[in-house]
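Some notes on the structure that comes next.
Laboratory data are not the source of any read-out in this text; all were calculated from the coordinates shown. Note that the coordinates shown come from a computational prediction; the quantities given were computed from them, not determined experimentally. Note that each Cβ is placed from the backbone with ideal geometry, even for glycine, and that neighbours are counted across all protein chains shown.
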Amino acid sequence: MSRVTARRKITRLTVGQPPIRREDVLAVEEPLEMRVNGRSLAVTMRTPGHDVDLAAGFLVSEGIITEAEHLATARYCAGATAEGVNTYNVLDLRLAPGVAAPTPSMERNFLTTSSCGLCGKESIDAVRTKSTWDVRADAVRVDAEMLTTLPERLRDAQAVFEKTGGLHAAALFDGSTGEMLVLREDVGRHNAVDKVIGWAVKENLLPLRGTVLMVSSRASFELAQKALMAGIPVLAAVSAPSSLSAEFAHEVGLTLVGFLRGDSMVIYAGEDRIVQSALAAV
């Protein structure tokens, strides 16, 4: 699909100067309805592209699948408009035989946005209970100096953000070598993370032991729980975490880093995984 960006006529106005009228490039935002075995599960606003990754990551985050074999097929539903034109905004996912379908209580009969998520102590308990992976035992140690290079590398790899300035990004890095494994962009920060996790599940890489999830946004509780559901031990963000994400990270053994900018960072949980050289630590 080529609907990642769109052009629109705009007027740029600087006080005291004549207006400038030209075309600008915007990030596309469209709904995606995800159906499981023909039944609607959720609708999310997203940037088109890597939709199957997004859906697979969402199913991992919801505790429905944990490996590629659990997802039998994924196809766009045809005839999504009255004229019979496929808009590629409805994706039907078929689970493999023996994989339990979502219960009616899991169906989100509302539009999910970048700010939606879970909240409260009951939500923390629910996520901990249904998580397949335990990140507490992950022995990865991440060099602090290497960690400070990730935001710039994330930014440099954001091809669509370079054109629009309007997308979040999430990238997965090897915690030992610093190698970027995958990067995804989306108007929704939770969608960008789901696309990363969906790529990983398709590659049969779950649990993502020894990795760092770097996000261009704040570290919300929802992003922390997605990291846990994929077995990611370290979540790093350029902005602040929420109080609930910090509490959650501490309780489940997730390393949470915020305000990762320049040569500094704030570690909110799991400090033992972030290491410095002996000279730098003095």
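Karplus-based coupling profile of the range 36-46, in residue order and whole Hz: 10, 6, x, 10, 5, 9, 6, 10, 10, 7, 8, with θ = phi - 60° in 6.51 cos²θ - 1.76 cosθ + 1.60 and x standing for Gly or Pro.
What the phi angles of the range 211-219 give under the Karplus curve with 6.51, -1.76 and 1.60, with θ = phi - 60°, is a coupling list of 10, 10, 9, 9, 10, 8, 10, 6, 9 Hz, glycine and proline written as x.
A cut-off of 5 Å between modelled amide H atoms, ignoring neighbours fewer than 5 places along the same chain, links residue 36 with 41, 93. Shown here for the range 189-282: GluC sites (Glu not before Pro) in loop regions (DSSP other than H, G, I, E, B) with at most 12 other Cβ atoms within 10 Å, namely 203. Phi angles of the range 93-100 translate, via the Karplus equation with coefficients 6.51, -1.76, 1.60 and θ = phi - 60°, into HN-Hα couplings of 10, 10, 7, 5, x, x, 8, 5 Hz per residue; Gly and Pro are given as x. In this structure the amide hydrogen of residue 181, modeled in the peptide plane, comes within under 5 Å of the amide hydrogens of 172, 173, 174, none closer than 5 places in sequence on its chain. Listed by chain and number, the aspartates and glutamates whose alpha-carbon sits under 12 Å from that of residue 226, ignoring those within fewer than 8 places in the same chain, are 62, 194. Annotation: the antiparallel percentage among DSSP beta bridges lying fully within the range 142-275 is about 60.
In whole angstrom, the range 201-282 maps to an equivalent ellipsoid with semi-axes of 21, 16, 12, each derived as √(5λ) from the alpha carbon gyration tensor and ordered largest first. In plain terms, the bigger the Kirkwood radius, the slower the diffusion; for the range 142-275, with that radius from Cα pairs, at 10 °C and 1.306 mPa s, Stokes-Einstein puts D at 111 µm²/s.
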